[in-house]
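First comes the structure, then the notes that go with it.
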Amino acid sequence: MADDYQILDDDDFDPEDELRPEYDFASLREADRARGIEYRRSFVHPEPDLAAAFPDAEIENYWAGVSIDNIHARIMRWKNRG
């Protein structure tokens, strides 16, 4: 079954592409834009002293993600307190 391909009506179809169509985020953004939803990209540039604490951007991004996840979890616990 791994060698079966479903040909889609898509000019950009590539049978070597492993990304399933439902995960094609570019087309999702286009559909959202058509509905009036816009996406913005935000770039955060840490202060030099904070950036110096991390050996590279990959680790810096990892810990930023951990921090965001922790903040989100705390917000959800606060909202669901009872």
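Quick notes on this one:
- Residues that are of a type in the set (Gly, Ala, Ser) and at pLDDT 85 or above, drawn from segment 40-66: ALA52, ALA53
- Residue list for segment 61-82, filter: surrounded by 10 or more Cβ atoms within 10 Å (Cβ to Cβ), more than 15 Å from HIS45 (Cα to Cα) and not aliphatic (A, V, I, L, M): SER67, ASP69, ASN70, HIS72, ARG74
The values are calculated or read from the model by the stated rules, or taken from the named source; none is laboratory data. Predicted model only: the values in this text are computed from it and were never measured. With ideal geometry, Cβ positions are generated from the backbone for all residues, glycine too; neighbour counts draw on all protein chains shown.
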